[in-house]
Amino acid sequence: MSLRNQPDSYGSIAKWLHWLTALLFLGAYVSVYYRHWFTQEETPANWTALQLHLSIGITIGVLVILRIVWRLTNPVPRPEPGTPLEHFAAHAGHFLLYLIMIIAPLTGYIGTGADTDYFFLFEIPKFESTQAFVAIVQEQMGLTFEEFEKPVDFIHKKVLGEWVVWILVLGHAMAALYHHYVKKDRTLLKMTVTSKSKKRE
């Protein structure tokens, strides 16, 4: 399998980045729902679940940067035949997914009032403790952390976490299944198997 993308298939790096991001998003949801549904506040289990959620979120943020760099330097495979509307919907959906993958980790980090014990290996200071917070939020915006955190937390938890992410991920999965089972093209296969050209060799 080629590391780089091929005309009819994504390369192994793009596939690993794609599926690892998907697994991490699942892990982020599992950790946060476990925390809210199965632990009590101010208990070790609650704190551990929070730290896992924060660690996963930061990892997603780093991965998304790598995905964007890789996508910009590595052309994607040829699109499958379709109508202009289908191609527009596909491009819009991918753009929104990338936007969410940036905004969700960012709002999660800057809106959290706790340091991150990154997978219990080392500590990452909370945004409130950084010079960026002092310069941007306190000096430029004239806000305390509590005032700043409210809208950021609303975006991260209520807007993105409870609605937008689910809608986009579900739409992305349904579109892939539609291409695979209804249109019977290679859209899903491009991200799951080796390219046709590799199979013939």
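The values are calculated or read from the model by the stated rules, or taken from the named source; none is laboratory data. Because the structure is a prediction, the values reported are computed rather than measured. In this analysis, Cβ positions are derived from the backbone assuming ideal geometry, glycine residues included, and neighbour counts consider all displayed protein chains.
Screening 133, 119, 145, 127 for residues that are closer than 21 Å to residue 65 by Cα, surrounded by 16 or more Cβ atoms within 10 Å (Cβ to Cβ) and at pLDDT 95 or above leaves exactly one candidate, 127. Scan region 105-128 and give yes if some residue there is within 17 Å of the chain's Cα centre (by Cα) and among the hydrophobic types (A, V, I, L, M, F, W, C), otherwise no. Within region 105-128 (the criterion being within 17 Å of the chain's Cα centre (by Cα) and among the hydrophobic types (A, V, I, L, M, F, W, C)), the answer is yes, since at least one residue qualifies.
If you go through region 52-64 and keep only what is surrounded by 13 or more Cβ atoms within 10 Å (Cβ to Cβ) and under 15 Å from the mean Cα position of the chain (by Cα), you end up with 53, 54, 55, 56, 57, 58, 59, 60, 61, 63, 64.
Applying a threshold of 7 Å to beta carbon distances and a minimum spacing of six or more residues, or different chains, the list of pairs starting in region 58-82 at a residue that is closer than 21 Å to residue 186 by Cα and ending at one that is of a type in the set (Gly, Ala, Ser) and not in a helix (DSSP H, G or I) reads 77/9. Residue 186 meets all of the listed conditions (1) charged (D, E, K, R); (2) touching a helix residue (DSSP H, G or I) at 6+ places or on another chain (Cβ under 9 Å); (3) over 30 Å from residue 85 (Cα atoms) but one, namely (3).
Looking at this structure, is residue 150 among the charged types (D, E, K, R), under 19 Å from the mean Cα position of the chain (by Cα) and surrounded by fewer than 15 Cβ atoms within 10 Å (Cβ to Cβ)? Explain how you work it out, then say what you get.
Values: among the charged types (D, E, K, R): yes; under 19 Å from the mean Cα position of the chain (by Cα): no; surrounded by fewer than 15 Cβ atoms within 10 Å (Cβ to Cβ): yes.
So residue 150 fails the test.
Of 90, 49, all but one fail to be under 21 Å from residue 167 (Cβ atoms) and within 19 Å of the chain's Cα centre (by Cα); the exception is 90. Only one of the listed residues (41, 80) is out of contact with any Gly (no Cβ under 9 Å at 6 or more places or on another chain), modelled with pLDDT of 90 or more and of a type in the set (Asp, Glu). That residue is 41.
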